[in-house]
Amino acid sequence: MNFSLSGKNILITGASSGIGRECALMCSKMGARVTGIGRDAARLKETAEKMHQPGEHLFLQADLTDAEATESIMKEAFEKMGTFHGMIYSAGISTTLPLRMIKSNKLDPFFQTNVYGAIHLSRLLSKKGHIAEEGGSLVFITSVMATLGESGKSLYAMTKGALLAAARSMAVELAPRKIRVNCVSPGVVVTPMSQKSFYSQNEETLNHIKNLHPLGLGKPEDVANACVYLLSDASAWVTGSNLMVDGGYSAR
């Protein structure tokens, strides 16, 4: 029962597809009431229809790079759902880009989505009256690229590394209030986003990526299971950690 999320309100970003959608579905199966946020209203509706006990959850369309709009929808979420017990920040964008092509106009959108949105939501959730009195758990989906190097991944990696670094300091700062902060770092997971990546368009390159993962490429539920653990009471003594869920990628 320590792994149950029964009675918990959980906020999940990026809930319209991929890892975020699977996290929403898994949390609902484990008993949580979910508030899902995403940019695509049609795909959010698809997620909502697949949820366990669909009438118990709230789905809101929002662009998390817009701080003012985020505050507005979170006000609605607090009014309708009450205080929260946790968050999974799964919203994110990825690219493979050589260093010579990284300009300021490329940097800003990645930091706004992958970092600023996570910090802004964490600030809102951690306010008194917004998080449960008994504390809560914030989970950031980062990447193996936050700690390992790969050609063409500087832009993506620096945003995920920033989130990982922030999580460690937030864990220390929020610990007195029983708010835990952890990261989950996946390897390559088969999602709509990864299937659009350059390596998925070429069989030879895709096989190379697969070979980097001793257990093969991941599935969204592999990451969702790890997130459920970090949201649950089973991880009550875990904070400031980075859980590698990468099929052995980082062991090579």
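The values are calculated or read from the model by the stated rules, or taken from the named source; none is laboratory data. Only a predicted model underlies this, so the values are computations on that prediction, with no experimental measurement involved. Here Cβ is always computed from backbone atoms with ideal geometry, including for glycine, and neighbour counts include all displayed protein chains.
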Please indicate, with yes or no, whether at least one residue in region 124-141 is part of a loop (DSSP other than H, G, I, E, B), modelled with pLDDT under 95 and hydroxyl-bearing (S, T, Y). no
Taking only pairs six or more apart or across chains, which ones have beta-carbon atoms under 7 Å, a first residue in region 218-230 that is within 15 Å of N182 (Cβ to Cβ), and a second residue that is surrounded by fewer than 21 Cβ atoms within 10 Å (Cβ to Cβ) and of a type in the set (G, A, S)? Y229/S235
For region 54-87, how many residues meet the condition of being among the small types (G, A, S), within 12 Å of N9 (Cβ to Cβ) and crowded, with 18+ Cβ neighbours inside 10 Å? 2
Just to be sure I understand the filter: pairs with C-beta atoms under 9 Å, separated by 6 or more residues or on different chains, first member in region 133-148 and within 13 Å of L121 (Cβ to Cβ), second member basic (K, R) and surrounded by fewer than 22 Cβ atoms within 10 Å (Cβ to Cβ). Which pairs pass? G136/K8; G136/R177; G136/K178
If you take the residues of region 122-153 that are among the polar types (S, T, N, Q) and surrounded by fewer than 17 Cβ atoms within 10 Å (Cβ to Cβ), which of them is nearest to the chain's Cα centre (by Cα)? T147
Within region 29-87, the residues that are closer than 25 Å to E134 by Cβ, of a type outside the set (S, T, Y), in a strand (DSSP E or B) and in contact (Cβ under 8 Å) with a residue 40 or more places away in the chain are R33, I37, F84, G86, M87
